[in-house]
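Trainee: One structure follows; several queries about it will come next.
The values are calculated or read from the model by the stated rules, or taken from the named source; none is laboratory data. Note that the structure is predicted; figures quoted are calculated from it, not measured. When we count neighbours, we look across all protein chains shown, and the Cβ atoms used for this are built from the backbone with ideal geometry, even at glycine. Calculation scope for accessible area: heavy atoms of the full protein, side chains included, ligands and nucleic acids excluded. Shrake-Rupley method; radii C 1.70, N 1.55, O 1.52, S 1.80 Å.
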Amino acid sequence: MPVVVTAGHVDHGKSTLVEALTGRNPDRWAEERRRGMTIDLGFAWTHLGGLETGFIDVPGHERFIKNMLAGVEGVDAALFVVAADEGWMPQSEEHLAILDLIGVDRGVVALTRADLVDSETLELAEIEVAEQLAGTSLEGVAILPVAAPRGEGLEALRTALAGLVAPAPDLHRPRLWVDRAFTIGGAGTVVTGTLVGGTISVDDVLMLYPDEREVRVRGLHNHDRPMPSITPGNRAAVNLAGVGRDEVARGAMLGLPGRWRSSDRIVVDLRLVRSPSGPLRDRGSFHVHIGSGSHPARLSLVDDPPGAALLRLATPVPVAAGQHVVLREVGRRAVVAGGVVLDPRPPPRRRQVIESLPRLRTAATPDERADALLATRRSATLGELAADSGGGTPDPALMAGDLATTGDEARRIESAAVDRLDRYHRENPLRPGMPLPTLATSLRLPAPLLEAVVTWSDRLARNGAVVHLVGFGGGLDESSDAAWQPVRKTLEAAGAAPPRRGELGLDEELIHALLRRGDLVAVSEDLLYLPETIAGLTESLKALPEEFSVADFRDALEISRKHAIPLLEWMDRAGVTRRSGDLRRLLPPPPADSPPGAAQSP
C-alpha cells in the first residue's frame, strides 16, 4: 500500500482535506482538535484507483517541523497544500525544501479554499505556486483547486493522486522507522511506522536499532486490521515482545538482525536550501534528521558548501549509504541543507575522505555503493558492505572467506610481503621461507587474507606452511657448502656408526637446511645419517633371518646398541620393518606410486 504525505503551511487545510478524501480525521489528539492545528503526525487511509493508500498528515507550524520530518521517510508522493486565499507562506517554503532535499518527485498541489477567492485570484495563486515549485523536485506537478468542505475538486484530486501511487518493491531488507510507540493493555508494546524494503510477518525475529536488541513480532495491524504479514510501502503497527514501551523512542528502527549497522560518524553530500538565510558554517548547532529521528550533531565541512560534510552524531544511528538526511540549524530554527549519506563509516583522515568522494558520489545503486565503499576501505567483509551500502554486493579482486579485497589492496599487500620476504631470505638463506602466520602477523594482516593474496600473486609461492619468493631455492651458499663437505666425508667413513649430532661441528641452521634438502636423515634427536647409508643398511637386512632381534641386527652391522636401537626404531616408523614383541621382520618395499615411508602389510 503506497503512502502519501501532506505538506504545507499551518492552517492551510491539510487535515480537513485528508478527512474529506478519506472520511477519517487524522488528528489523533484532543489538543489538536481544540486548537484546530496538527501538532504531531496524523494518519488516515482510503482507496485510490483500487489501491489502498495511506496518508500521513504532518504539522505545518514551524514549532513542530521536527514532527513533520519524522513523517516523510518512505513516502511515495506528496500532497502539497496551499490556501488560495493566503498563497505561499514560510512553512510552504520550508516543507517544499524538505521534500526537495529528500528527493520526493511525485506529488500534486491542492489549492485549498478555492471557493473563498474569485477566478482571477485563483489564477494568480496557481501562477505563484508554479513559480515557487520551479527548480525543485516537484516542478511541473499538477496544481488543482479544491474546496474540501463543499467537495469541489475532490474527484480530480483523487484521480491525480491515483496516478502517482503504486505498490512498493520487495527488496528483502525490511526496515521500519518508529514514529510512535505506546502500550496496549493485554498486548504490550506497539510501535508504528512506514514499512519499506521488505515484508515482515508475525513471529519474525527482528532487531531494534541502534540498541541492537532482538525482538519478536507478536502481532501486526494495518489500518486497524490484524494481518499475518505486511508488505513494503504500508503503514504498520507492530506489537513487539521482548521490549518495554520506555525502551523504544521515535527514531529507533526495526530491521533484520545483522543487516544494518549503526554509526555516530557519517559523511554526507549536502545541498543547501534554495533560499538560505546565510552561508552554511560548521560553527553552528545542528540537528540531523534521519529516518524518523532527530539527532544533535556537529558539522565539519569537507569541501566548499554545498558539498560533502562530516557529521558527528550525539548517538549512533542505523544508517546506510544512499539514506536521505535533512540538516536543521538550531540557532536559525530552520532547515538549511539536506542530501544523502555517502559513507556511514568514513576513514579517519580528512585527506582519505576527500579522495573517496568522486567514487562515492557517482555510485547510484547498492552494488555500486558497495564497490565504492570497498575501494575506500580496501578490505571489508561482505556483511559489512551489504549493511553499509543498503544491500549491495561488490565485485572484489579476490576473496578470503567473507573478506573482500580490491586489486589495489592486493597489490599493496603483495608488495609488502615481497619486501619482507626478500629481507628474510637474505637474513636466513638456509630456510625455505617464512611461516605464513608469522608473515601475516608481521604485516598486520588476517592470515586468510594473506593466504588469498599468495594464491593470487605470481611473485609469491607457498610450500606447505611457509611462504617464499618465486624463484627462491634456499640453496647452500659457499661458506655453508664448505662447512658441509668435510662432515659429509666423516659420515661416509663412519657408515652405520656416525658421531653424535653435537660432535659434527655443524650449525643447527645448516643442519635443518640439509634435512630439508634430503642431504641428511634424522634417525633420532642425536643421530644423523646420509641417505645413501640408510639405503645400504636397509639392503643389508635382507641377509638377516626372516625374523631377527636387535642383537642379530647389531652383530651383523658390528655396531653398538646406541646405534642399533635408534636405527631400528626409525625403520619401524618408516615402514621398512615391523616389530612384533622382541623380533622384527623386513617388509616388502611399497609400490612405486605409494608415498615414501608407507607401511606395508606383512
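Trainee: Please specify each residue of the stretch 257-300 satisfying the condition of being open to solvent by 40 Å² or more (accessible area, probe 1.4 Å), within 20 Å of the chain's Cα centre (by Cα) and not acidic (Asp, Glu).
Mentor: Listed by number, the residues that qualify are Pro257, Gly258, Arg259, Arg261, Arg265.
Trainee: So which pairs qualify, if the first residue must be in the stretch 210-226 and without any contact (Cβ under 8 Å) to a residue 40 or more places away in the chain, the second must be assigned to a strand (DSSP E or B) and open to solvent by 90 Å² or more (accessible area, probe 1.4 Å), the Cβ gap must be under 8 Å, and the two must be at least 6 apart or on different chains?
Mentor: Gly219/Pro226; Leu220/Pro226
Trainee: Next question, about the same structure. Just to verify a result, which residue in the stretch 195-216, among those that are open to solvent by less than 10 Å² (accessible area, probe 1.4 Å) and not small (Gly, Ala, Ser), is modelled with the lowest pLDDT?
Mentor: Leu195
Trainee: Of Leu220, Leu176, Leu240, which residue is aliphatic (A, V, I, L, M), surrounded by 14 or more Cβ atoms within 10 Å (Cβ to Cβ) and under 24 Å from the mean Cα position of the chain (by Cα)?
Mentor: Leu176
Trainee: Can you tell me how many residues in the stretch 388-410 are open to solvent by 10 Å² or more (accessible area, probe 1.4 Å) and either assigned to a strand (DSSP E or B) or on the phi > 0 side of the Ramachandran plot (or both)?
Mentor: Looking only at that region, the number is 7.
Yes or no, residue by residue, for (1) hydrophobic (A, V, I, L, M, F, W, C); (2) within 22 Å of Pro257 (Cβ to Cβ); (3) within 38 Å of the chain's Cα centre (by Cα):
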{"site": "Gly140", "(1), (2), (3)": "no, no, no"}
{"site": "Ala148", "(1), (2), (3)": "yes, no, no"}
{"site": "Glu155", "(1), (2), (3)": "no, no, no"}
{"site": "Ala181", "(1), (2), (3)": "yes, yes, yes"}
{"site": "Thr194", "(1), (2), (3)": "no, yes, yes"}
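Every residue, every condition in (1) of a type in the set (A, V, I, L, M, F, W, C); (2) modelled with pLDDT under 90, yes or no:
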position	(1), (2)
Ala44	yes, yes
Thr53	no, yes
Ile65	yes, yes
His95	no, yes
Ala114	yes, no
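Trainee: Take residues that are among the hydroxyl-bearing types (Ser, Thr, Tyr) and tell me which of the helices (runs of 4 or more DSSP H) falling wholly in the stretch 519-593 contain 1 or more.
Mentor: 531-540
Trainee: Quick one: Ala497 ticks every box in (1) part of a helix (DSSP H, G or I); (2) modelled with pLDDT of 90 or more; (3) open to solvent by 40 Å² or more (accessible area, probe 1.4 Å) bar one, so which box is it?
Mentor: So Ala497 meets the others, but not (1).
Trainee: Now, a different point. Is it fair to say Gly518 is on the phi > 0 side of the Ramachandran plot, free of Cβ contacts under 8 Å to residues at least 24 places away in the same chain and over 47 Å from the mean Cα position of the chain (by Cα)?
Mentor: Yes; evaluated as a whole, the condition is true for this residue.
Trainee: Output the residues belonging to the stretch 398-423 that are among the β-branched types (Val, Ile, Thr), in contact with a helix residue (DSSP H, G or I) (Cβ under 9 Å, 6 or more places away or on another chain) and farther than 17 Å from Ala370 by Cβ.
Mentor: Once the filter is applied, which keeps residues that are among the β-branched types (Val, Ile, Thr), in contact with a helix residue (DSSP H, G or I) (Cβ under 9 Å, 6 or more places away or on another chain) and farther than 17 Å from Ala370 by Cβ, the stretch 398-423 yields only Ile413.
Trainee: Let me ask you something else. In this structure, is Leu360 farther than 15 Å from Trp260 by Cβ and at pLDDT 95 or above?
Mentor: Answer is yes for this residue.
Trainee: Are any residues in the stretch 529-557 open to solvent by 30 Å² or more (accessible area, probe 1.4 Å) and either within 18 Å of Trp484 (Cβ to Cβ) or charged (D, E, K, R) (or both), and if so, which ones?
Mentor: Listed by number, the residues that qualify are Pro531, Glu532, Glu539, Lys542, Glu546, Glu547, Asp552, Arg554, Asp555.
Trainee: Let me ask something else. Can you work out which of the residues in the stretch 433-453 that are over 29 Å from Ala372 (Cβ atoms) and buried (at least 20 other Cβ atoms within 10 Å of the Cβ) is nearest to the chain's Cα centre (by Cα)?
Mentor: Of everything passing the filter in the stretch 433-453, Leu439 is nearest to the chain's Cα centre (by Cα).
Trainee: Here's something else I'd like to know. I need the full set of residues from the stretch 304-353 which are farther than 21 Å from Thr365 by Cα, touching a Leu at 6+ places or on another chain (Cβ under 9 Å) and open to solvent by 60 Å² or more (accessible area, probe 1.4 Å), in order please.
Mentor: Within the stretch 304-353, Pro306, Arg312, Arg350 meet the criteria.
Trainee: Looking only at the stretch 121-135, decide whether some residue is touching a residue at least 40 places away in the same chain (Cβ under 8 Å), under 30 Å from Ala236 (Cα atoms) and assigned to a loop (DSSP other than H, G, I, E, B).
Mentor: no
Trainee: Would you be able to tell me the number of residues in the stretch 116-137 that are closer than 25 Å to Val325 by Cα, aliphatic (A, V, I, L, M) and open to solvent by 20 Å² or more (accessible area, probe 1.4 Å)? So that I can check it myself, show each step before the final result.
Mentor: Our first condition is that a residue be closer than 25 Å to Val325 by Cα; within the stretch 116-137, this holds for 132-137.
Right, trim to aliphatic (A, V, I, L, M) and you get 133-134.
If we keep only those that are open to solvent by 20 Å² or more (accessible area, probe 1.4 Å) too, we end up with 134.
Result for the stretch 116-137: 1.
Trainee: Can you pull out the residues in the stretch 356-366 that are surrounded by 13 or more Cβ atoms within 10 Å (Cβ to Cβ), assigned to a helix (DSSP H, G or I) and not small (Gly, Ala, Ser)?
Mentor: Selection gives Leu357, Arg359, Leu360, Arg361, Pro366.
Trainee: Select from the stretch 73-95 the residues that are touching a residue at least 60 places away in the same chain (Cβ under 8 Å) and either open to solvent by less than 10 Å² (accessible area, probe 1.4 Å) or of a type in the set (Gly, Ala, Ser) (or both) and list them in ascending order.
Mentor: If the condition is that a residue be touching a residue at least 60 places away in the same chain (Cβ under 8 Å) and either open to solvent by less than 10 Å² (accessible area, probe 1.4 Å) or of a type in the set (Gly, Ala, Ser) (or both), then Gly74, Ala77, Ala78, Leu79, Phe80, Val81, Val82, Ala83, Ala84, Ser92, His95 are the ones that fit.
Trainee: Sort through Asp481, Asp419, Asp458 and tell me the only one that's open to solvent by 70 Å² or more (accessible area, probe 1.4 Å), without any contact (Cβ under 8 Å) to a residue 24 or more places away in the chain and in a helix (DSSP H, G or I).
Mentor: Asp419
Trainee: Does the stretch 96-115 hold any residues that are open to solvent by less than 10 Å² (accessible area, probe 1.4 Å) and more than 24 Å from Pro149 (Cα to Cα), and which are they?
Mentor: Leu96, Ile98, Leu99, Leu101 - these are the residues of the stretch 96-115 that are open to solvent by less than 10 Å² (accessible area, probe 1.4 Å) and more than 24 Å from Pro149 (Cα to Cα).
Trainee: Here is a follow-up. When the residues of the stretch 153-164 are filtered to those that are touching a strand residue (DSSP E or B) at 6+ places or on another chain (Cβ under 8 Å) and open to solvent by 20 Å² or more (accessible area, probe 1.4 Å), which remaining residue is nearest to Val109 (Cα to Cα)?
Mentor: Only one residue fits best here, namely Ala160.
Trainee: Condition check: free of Cβ contacts under 8 Å to residues at least 60 places away in the same chain, more than 60 Å from the chain's Cα centre (by Cα) and open to solvent by 40 Å² or more (accessible area, probe 1.4 Å). Does Asp526 satisfy that?
Mentor: No.
Trainee: Another question, if that's okay. Taking Asp211 as the residue in question, decide whether it is over 30 Å from Ala309 (Cβ atoms) and assigned to a loop (DSSP other than H, G, I, E, B).
Mentor: no
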